[in-house]
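Report on the structure given below.
What follows is calculated from the coordinates using simple rules that are stated; it is not laboratory data. Just so it is clear, the structure is predicted and the values come from calculations on it, not from any experiment. Here the Cβ is made from the backbone with ideal geometry for all residues, glycine too, and neighbour counts use every protein chain on show.
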Amino acid sequence: MPAAIDLATILKGLPAGAWVAVGDNKVIAYGADMQTVLATARQAGEKNPLILKVPDRQEVLFL
Amino acid sequence: MPKYSFDYIGITIPPSDPFPHGQTVFRPYLIANLTAGNGKTFRCIVWPDSGADHCVFPVSFAIALGLDPLTMKQQLTGGVGNTGNTTFYADLQIDIENGPTFKTFCGFTPGLEAQGLGLLGQIGFFENFIVSFDHRNRMFHIE
């Protein structure tokens, strides 16, 4: 099974801290407010976009 | 019981004082569809985390699912670097893409807003599935 998503490619060039809506492995919308990004993607015809966030900075995590 | 296999995802971390050449870390990210009791769905990245007692998500995901934190049961939770996060709870169905589906009582916390992803924890996930990590081969398995 391949990796669930190619994050490096999808998130390349997007601003740090942005919420991102993805459909068919393409960015449909992004912005600072998640609800707005989700609504924009749905208005663009993507009923169930993948929502994720560009890290403020890539860092080692201990959750 | 079916066995689902997934590749780790490599994340590049820029150079820092202890790691001047940067690092690549490998994380077992999955994609999941969350479904609330009202039928609304939300698609997000989830991360199996045996250090999490429950399955938890950013509180903004609750809003997107049409849930109202003001009416949800809540408790304080903590993690590395933070404590006392108000966490709101609701029942969810979690469908892992190309993997299993399960239902559990999940938390929604502002403590995960910076990461923007969910954690699959002991209650609901690890208690129901055998999860094995073959980091050497950059694969993990759920059965």
Here the relative contact order (percent) of chain A, from C-alpha pairs under 8 Å and at least 6 apart, is 33
GNM of chain B, Cα pairs under 10 angstrom: of B:60, B:16, B:50, the biggest fluctuation goes to B:16
Given backbone amide H placed at 1.01 Å from N, residues whose amide H is under 5 Å from that of residue B:139, ignoring those fewer than 5 places away on the same chain, are B:8, B:134
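In peptide B:55-61, how many Cβ atoms from other protein chains are near each Cβ within 10 Å, on average? Write down the numbers at each step before the final one.
Values: counts 0, 1, 0, 4, 0, 7, 2.
Partner Cβ neighbours, averaged per residue: 2.
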With +1 at each Lys and Arg Cβ and -1 at each Asp and Glu Cβ, the charge dipole magnitude of the range B:21-103 around its Cα centre, to the nearest 20 debye, comes out at 80
The value for the range B:4-142 (convex hull of the alpha-carbon atoms, volume per residue, Å³) is 112
Once normalised by the length of chain B, the mean sequence separation of its alpha carbon contacts under 8 Å that are 6 or more apart gives a contact order in percent of 30
Given A:11-24, B:129-142, the highest-first ranking by average Cβ count within 10 Å works out to A:11-24, B:129-142
At the level of C-alpha centres, the distance separating chain A and the range B:6-64, in angstrom, is 12
Quick calc of log₁₀ I(q)/I(0), the protein assembly as shown, Debye, one scatterer on every Cα, no solvent, q values 0.11 1/Å, result -0.50
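What is the mean number of Cβ atoms from other protein chains located within 10 Å of the Cβ atom of each residue in peptide B:28-36, rounded to a whole number?
Working: counts 2, 5, 3, 5, 2, 2, 0, 0, 0.
Per residue, the number of nearby Cβ atoms from other chains is 2 on average.
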The helix A:34-43 Cα axis meets the longest alpha-carbon principal axis of chain A at an angle in degrees, between 0 and 90 and rounded to 10, of 40
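Taking the convex hull of the Cα atoms, report for chain A its projected area averaged over all directions, in nm². Please list the in-between numbers first.
Numbers: hull surface 20.6 nm².
Answer in nm², one decimal: 5.1.
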